[in-house]
Amino acid sequence: MTSENLAVTVVGGPTVVIDLGGLRFVTDPTFDTAGSSYELGPVALRKLADPALTPDEVGPVAAVLLSHDQHPDNLDGAGRAFLKGAPLVLTTEQSAERVGGVGLAPWAEHALERPDGGRVVVTAVPAQHGPAGTEAMLGSVTGFLLSGEGLPTVYVSGDNVSLDPVRALAERVGERGVDLAVLHVGAAQLAPFGPTLLSMTAEQAVEAAELLGARRVLAVHHDGWEHFTEDRDVVAASFAKSGGAERLVSPGAGSHVAL
């Protein structure tokens, strides 16, 4: 653990270690190995890459930020085991009923005490995993906003395909914007849904960053699984085309980067 106000380590898929104000958070833990396959009715999800860190290498955490539990590319078998050792899991109300932890309704807050005596406030931000009408099939998802006095603000989108929640968050943060936006991208598609997108495109990520006035952007959840249709190169090209290439943070897998 470092004393930096903000640092990130990309583990793979949606899994990121965020060090903020002396506290360590882990998003959507996925630690299964490459080659793992998961059958969800007519859908098969296949993992293509190993995580950059093992759960032991992540070390002690203050909380897990779980966007949702119902899909193994956001919470796999080893990720579920990781939850059992976490002191706190923040997630949706529906996921909390299944995996435990604290369930947060949209815009609800949960505060954690910092080692220096301050607080990190985690706010649940709405997210929409698929197009309107698929909510019952795909289940509830949440994003998160992390903030605290004297700290950078961090937005974690979760699996989200709609810019409406981003606009709502932008209204709340106002001109201050966010210091880091961790965006789940990849333009995920699965055969039973046809061309329907289940996660954000690179172009949407550019627009989300602009709406939020994001100073830095970390694009994740665009590799390591078979169902992504846009990779980090597509994301980089979209930000370069928009003139926002300097916003992108692209640490190597497993690298600890202070921001």
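With springs connecting C-alpha atoms under 10 Å apart, model the chain as a Gaussian network and identify which of 46, 119, 167 has the largest mean-square fluctuation.
167
Using only alpha carbon pairs under 8 Å that are at least six residues apart, calculate the relative contact order of the chain and give it in whole percent.
Once divided by the residue count of the chain, the mean separation gives 18 percent.
So for segment 141-231, averaging the separation of alpha carbon pairs under 8 Å that are six or more residues apart and normalising by length, what relative contact order in percent results?
Working: 171 pairs, mean separation 27.1, N = 91.
It rounds to 30 percent for segment 141-231.
Let me know the volume per residue of the alpha-carbon convex hull for segment 5-86, in Å³.
So the per-residue Cα hull volume is 80 Å³.
Please label the shape of segment 6-250 as rounded, prolate or oblate, based on the square roots a ≥ b ≥ c of the eigenvalues of the alpha-carbon gyration tensor (a/c under 1.5 means rounded; beyond that, a/b larger than b/c means prolate, else oblate).
rounded
Among 163, 211, what is the fewest-to-most ranking by other Cβ atoms within 10 Å?
163, 211
Checking the a/c ratio against 1.5 first, then a/b against b/c, what shape does the Cα gyration tensor give for segment 66-136? Before the final figure, lay out the partial values.
Details: a/c = 2.49, a/b = 1.34, b/c = 1.87.
Note, shape of segment 66-136 comes out oblate.
With springs only between Cα atoms under 10 Å, which of 242, 67, 162 fluctuates most in a Gaussian network model of the chain?
242
For segment 187-259, what is the convex hull volume of its Cα atoms per residue in Å³?
91 Å³
Of the beta bridges DSSP finds with both residues in the chain, what % are antiparallel, to the nearest 5? Show your work: numbers first, answer last.
Values: 32 of 48 bridges.
The antiparallel proportion sits near 65 percent.
For residue 24, what residues show an amide H to amide H distance below 5 Å, using hydrogens built from the backbone and excluding near sequence neighbours?
Here 62, 63 satisfy the definition.
Once you've got the GNM for the chain with C-alpha springs shorter than 10 Å, pick whichever of 86, 63, 205 has the biggest mean-square fluctuation.
86
Please arrange 32, 50, 233 by how many other C-beta atoms lie within 10 Å of their C-beta, fewest to most.
Lowest count first: 233, 50, 32.
None of the figures in this text is laboratory data; all of them are computed from the coordinates on show. The shown structure was predicted, so the numbers you read here are calculated from the model rather than taken from an experiment. In this analysis, Cβ positions are derived from the backbone assuming ideal geometry, glycine residues included, and neighbour counts consider all displayed protein chains.
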